[in-house]
Amino acid sequence: MSQENVEIVRAVFEAWNREDLAGMQRHISPDWEWHTAQLFPGTDAVYSGKEGFTKFWKTFREPWESIRIELERVEDLGDRVLVLFTFHGKGKGSGVDVTTEYANVVTFRDGLATYQVGYGDWKSALEAVGLSD
């Protein structure tokens, strides 16, 4: 099942880049919980369930003219998946380009994401799961 979780993560990030909210939500459980790194202004510390994800989606996307995620490393950790990626965004109105690293550790149960923790840098995420560069 763990390789399937890696493929789910890849599908979710492809859906993100297509701006496909429903495509992302089909992979999260009703009791999903996400603890963000609060790297981006206006985002909450915790989002829960599909309603929480929708709230995040709307809040997060509002200030950006464009957003793209580039997966750098996706690693199978059994029932968890480590995701290291680069965020690329262009500010709406300002035109400011933002590029930053971000990471998630996603826990799966029965093929659905149930728990997720965001990290504002790759080193912290790697340390959290007991890995190094």
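No value in this document is a laboratory result; all are computed from the given coordinates. Quantities reported herein were computed from a predicted structural model and do not represent experimental measurements. Methodologically, a virtual Cβ is constructed for each residue, glycine included, from the backbone with ideal geometry; neighbour enumeration extends over all protein chains shown.
Is the shape of the stretch 2-128 rounded, prolate or oblate, going by the alpha carbon gyration tensor and its root eigenvalues a ≥ b ≥ c, with a/c under 1.5 for rounded and a/b larger than b/c for prolate? In terms of gyration-tensor shape, prolate.
Angle of helix 2-17 to the longest C-alpha principal axis of the chain, folded into 0 to 90 degrees and rounded to 10: 10°. Listed peptides 88-95, 44-51, 7-14 appear in the order 7-14, 44-51, 88-95 once ranked by packing, highest mean of other Cβ atoms within 10 Å at the front. Close amide-amide hydrogen proximity is noted between L77 and L82, each under 5 Å apart and 5 or more residues distant or on a separate chain (H modeled in the peptide plane; Pro and chain starts excluded). The phi-based Karplus calculation (6.51 cos²θ - 1.76 cosθ + 1.60; θ = phi - 60°) puts the 3J(HN,Hα) values of the stretch 33-43 at 9, 10, 9, 7, 7, 6, 6, 9, x, x, 8 Hz, whole numbers, x for Gly and Pro. Less than 5 angstrom separates the built amide H of T36 from those of V46, Y47, G118, all sequence-distant by 5 or more or on a different chain. Helix 49-61 and the longest principal axis of the C-alpha atoms of the chain enclose an angle of approximately 30°. Here the gap between K90 and E127, fully extended at 0.36 nm per residue and compared with their Cα-Cα distance, gives a gain of 10.3 nm.
The dipole here belongs to the chain: it is taken about the Cα centre, uses +1 on the Cβ of Lys and Arg and -1 on the Cβ of Asp and Glu, and is about 400 debye.
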